[in-house]
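Peer 1: Dropping the structure in here first, questions after.
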Amino acid sequence: MAITKIHPIKSTLNLAIDYITKSEKTDEKILVSSFKYHPSTAHTQFIKIRKIIFYSIFLKR
């Protein structure tokens, strides 16, 4: 059973994704997977989704 620790991301999301998907840390990226997002474009997709959610919440008021 794998055990992971949760650490807060204190840098930018883009740097965090780059660090998490380093090939030397993920068995040459075999252990990297995602759902609906490709690791190389996840940062921009997350930003777009965050803007959509933000505007949908505040425009309803």
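Peer 1: Output the number of residues of segment 8-32 satisfying the condition of being under 16 Å from Phe46 (Cβ atoms), modelled with pLDDT of 70 or more and of a type in the set (S, T, N, Q).
Peer 2: 3
Peer 1: When you go through Phe54, Phe46 one by one, which is the residue that is modelled with pLDDT of 80 or more, touching a Phe, Trp or Tyr at 6+ places or on another chain (Cβ under 8 Å) and outside any loop (DSSP other than H, G, I, E, B)? Walk me through how you get there before you give the answer.
Peer 2: On the way: Phe54 fails: touching a Phe, Trp or Tyr at 6+ places or on another chain (Cβ under 8 Å).
Step by step, each of Phe54, Phe46 is checked, and only Phe46 is modelled with pLDDT of 80 or more, touching a Phe, Trp or Tyr at 6+ places or on another chain (Cβ under 8 Å) and outside any loop (DSSP other than H, G, I, E, B).
The values are calculated or read from the model by the stated rules, or taken from the named source; none is laboratory data. This one's a predicted model, so the numbers in the text were calculated from it and none came from an experiment. Heads up, the Cβs are rebuilt from the backbone with ideal geometry, glycines too, and the neighbour counts pull from every protein chain shown.
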